[in-house]
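Asks: Pasting a structure here, questions to come.
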Amino acid sequence: MASSDADHAVWLRGIEKRFPGVIACAGADLRVRPGTIHALLGENGAGKTTLVNVLAGVYRPDAGEVWVNGRRRQFNSPADAIAAGVGMVYQEFRLVPTLTVAENIVLGSAPRLLREAEIEDRVAELSAAYGMAADPGRPVWHLSMGERQRVEILKALWRDASVLVMDEPTAVLTPGEAAELGATLRAMADDGRSIVYISHKLDEVVAFCDEATVLRLGKTVATVDDLETVDRAALAELMVGSSEGGYVDRPPPVEAGGEALVLEGVSALSDRGLPALSDISLAVRSGEIVGIAGVSGNGQKELAETIAGLRSPVGGRVELNQQDITRIPPGARYRLGLAYVPEDRLGVGLAPKMSVVDNSVVRSYRSQRRGLMLVMARCLRFCQGLVERFGVRVGRLNDAVAGLSGGNLQRLLLGRELAEQPSVLVAAQPTRGLDVQGVAAIQSHLVAQRADGVGVLLISEDLDELLALSDRLLVMYEGRVVAELDPDAATRGEVGAAMAGQASA
């Protein structure tokens, strides 16, 4: 190892990590200098979380090297990483609500003979050193989300972490709390600590961080040594990049039909009760594909769930074929002609422990029953028809669906949603994680639905896919539609600028 490499607080070299059917990291690199805040960027599925979990000792890499503070490490557990000076602050806090701030901070690490008053005094000193107000004797369940995050940071500092990993740290914070966090992290960096900062919020990345590494498809594709030299649009374009492989050709424009799906002034909250959608208005006509572009985390997931009926809006109106469906449950929306392919195919879309046949009929079971009882022969015929029509490679139809590859899961899910000829299809990240053949198959079905007069809302983090397939392209930023572009005329730079909030609708 060269002396210059020894100067790095973190050096993850050629990290590979595979899971069944998925390559999460494919030779990723990350170098973080002492005393810096280093952004780790990339779309969902790029490998960020897997990479930092290798650094935190949660996963052991299949290949590659982990260096921390100039020493090569082999972590067998998170305890090994903590002992080496790595602290992890997860997006989901890991605190015991009934214990006090001080008790949570020292849990599992306080000397046996240290008295409670001494612990509280030392915690108070630590919080004051970095400007993080925290009452050591207060129960955690009394705290706001911002205060709880301070406790998580103090836990890492109590264990003398020299490297702190922050996973989407401002997702639960108000703007004021986010600014306070930025000041705290800067003070820690000035004190010689190194911070790995994972975020989709490019404004914060540019404001808080010194350097950045960009991952795509499990690989490091760019390193920015000085964030003062780039803007948000350039970072957004680096994140989405240019995908490998070709795309299905979109047929020439046709005369689209009437408005099949309409949103008027729709607003919705995130899972944490924070604003996620703000006054969204859009329309999808029959026989067109409307693409939704944006850096992940700008409301795309909430938009799809609100249309599908999985998330209740706090304002506005959703119409399907001129019928108000704002308060109609998901099953009724499907029967009215709305098909939905969620981004979480094996969690929201399909039930992993259920069989292929059970998953295939869960939407259309009414037509597979006699009286109140399902007729298994009908279910099997229906499932076999889907498998053949959509090219799903399966063993036995009664096997658990979790055993299928990603591409076959997506084919089954799409086939099930299209089985009863919908008028509108909402497809969220339908080709994410698929190989070239799988991507082409799914895109062919989307284009075929367009030709059959279906209105398609395509939400994707693959900019090339959106430019190739969309008739119109909408860009979301911070829960709003900020631009509408012509995919045939727009440049990647224009789309990138809009994704970074540098455009207006």
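Asks: For the structure I just gave you, tell me whether G385 is within 31 Å of the chain's Cα centre (by Cα) and closer than 30 Å to V284 by Cβ.
Replies: no
Asks: Looking at R378 and the list (1) among the charged types (D, E, K, R); (2) in a loop (DSSP other than H, G, I, E, B); (3) within 23 Å of G331 (Cα to Cα), which single condition is not satisfied?
Replies: If we test R378 against (1) among the charged types (D, E, K, R); (2) in a loop (DSSP other than H, G, I, E, B); (3) within 23 Å of G331 (Cα to Cα), just (2) comes out false.
Asks: Still on this structure, please answer the following. Only one of A46, A83, A79, A63 is of a type outside the set (S, T, Y), surrounded by fewer than 18 Cβ atoms within 10 Å (Cβ to Cβ) and under 30 Å from S405 (Cβ atoms); which?
Replies: Within the list A46, A83, A79, A63, the selection yields A63.
Asks: Any residue at all in the stretch 340-360 that is of a type in the set (A, V, I, L, M, F, W, C), assigned to a helix (DSSP H, G or I) and farther than 13 Å from L413 by Cα?
Replies: no
Asks: Right, next: Looking at the stretch 149-182, which of the residues that are touching a Pro at 6+ places or on another chain (Cβ under 9 Å) and without any contact (Cβ under 8 Å) to a residue 60 or more places away in the chain is surrounded by the fewest Cβ atoms within 10 Å (Cβ to Cβ)?
Replies: So the residue we want is A178.
Asks: If you go through the stretch 461-484, how many residues are assigned to a strand (DSSP E or B) and touching an Asp or Glu at 6+ places or on another chain (Cβ under 6 Å)?
Replies: 1
Asks: Quick check on my filter: what residues within the stretch 312-337 are assigned to a strand (DSSP E or B) and either touching a Gly at 6+ places or on another chain (Cβ under 8 Å) or in the same structural domain as N44 (by TED's automatic domain parsing) (or both)?
Replies: Answer for the stretch 312-337, where residues must be assigned to a strand (DSSP E or B) and either touching a Gly at 6+ places or on another chain (Cβ under 8 Å) or in the same structural domain as N44 (by TED's automatic domain parsing) (or both): G315, G316, R317, L320.
Residues are listed down the side, and each one gets a yes or a no for (1) in a loop (DSSP other than H, G, I, E, B); (2) modelled with pLDDT under 70; (3) crowded, with 20+ Cβ neighbours inside 10 Å:
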site	(1), (2), (3)
E228	no, no, no
A233	no, no, yes
M239	no, no, yes
S243	yes, yes, no
D249	yes, yes, no
V254	yes, yes, no
G257	yes, no, no
L261	no, no, yes
A268	no, no, yes
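Asks: Can you pull out every residue in the stretch 402-418 that is outside any loop (DSSP other than H, G, I, E, B) and within 16 Å of G433 (Cβ to Cβ)?
Replies: A402, G406, G407, N408, L409, Q410, R411, L412, L413, L414
Asks: If you take the residues in the stretch 116-148 that are hydrophobic (A, V, I, L, M, F, W, C) and in contact (Cβ under 8 Å) with a residue 24 or more places away in the chain, which one is farthest from Y197 (Cα to Cα)?
Replies: W141
Asks: Write out, first by first residue and then by second, each pair whose Cβ atoms fall under 9 Å of each other, whose residues are 6+ apart or on separate chains, and whose first residue, in the stretch 322-333, is among the basic types (K, R) while the second is in a helix (DSSP H, G or I).
Replies: R333/I307; R333/A308
Asks: What do you reckon, is G64 more than 26 Å from the chain's Cα centre (by Cα), at pLDDT 90 or above and not charged (D, E, K, R)?
Replies: So G64 fails the test.
Asks: Please specify each residue of the stretch 75-104 satisfying the condition of being closer than 16 Å to M145 by Cα and either of a type in the set (A, V, I, L, M) or modelled with pLDDT of 85 or more (or both).
Replies: V89, L95, V96, P97, T98, L99, T100, V101, N104
Asks: Looking only at the stretch 389-417, which residues are polar (S, T, N, Q) and under 22 Å from I23 (Cβ atoms)?
Replies: Across the stretch 389-417, the qualifying residues are S405, N408, Q410.
Asks: Being closer than 25 Å to Q443 by Cα, among the aliphatic types (A, V, I, L, M) and modelled with pLDDT of 90 or more is true for just one of A339, A332, A402. Which residue is that?
Replies: Exactly one residue qualifies, and that residue is A339.
Asks: State whether the residues of the stretch 481-504 include one that is under 25 Å from G309 (Cβ atoms), surrounded by 19 or more Cβ atoms within 10 Å (Cβ to Cβ) and not assigned by TED's automatic domain parsing to the domain that holds S355.
Replies: yes
Asks: Mind checking which residues of the stretch 361-377 are more than 25 Å from D452 (Cβ to Cβ) and either buried (at least 18 other Cβ atoms within 10 Å of the Cβ) or touching a helix residue (DSSP H, G or I) at 6+ places or on another chain (Cβ under 7 Å) (or both)?
Replies: Those that are more than 25 Å from D452 (Cβ to Cβ) and either buried (at least 18 other Cβ atoms within 10 Å of the Cβ) or touching a helix residue (DSSP H, G or I) at 6+ places or on another chain (Cβ under 7 Å) (or both): L374, V375.
Asks: Of all strands (runs of 3 or more DSSP E) completely enclosed by the stretch 26-93, which ones contain at least 1 residues that are among the hydrophobic types (A, V, I, L, M, F, W, C)?
Replies: Output list reads 37-41, 63-68, 86-89.
The values are calculated or read from the model by the stated rules, or taken from the named source; none is laboratory data. All of these numbers come straight from a predicted model, not from anything done at the bench. As a convention, Cβ positions derive from the backbone with ideal geometry for all residues, glycine included, and neighbour counts pool all protein chains shown.
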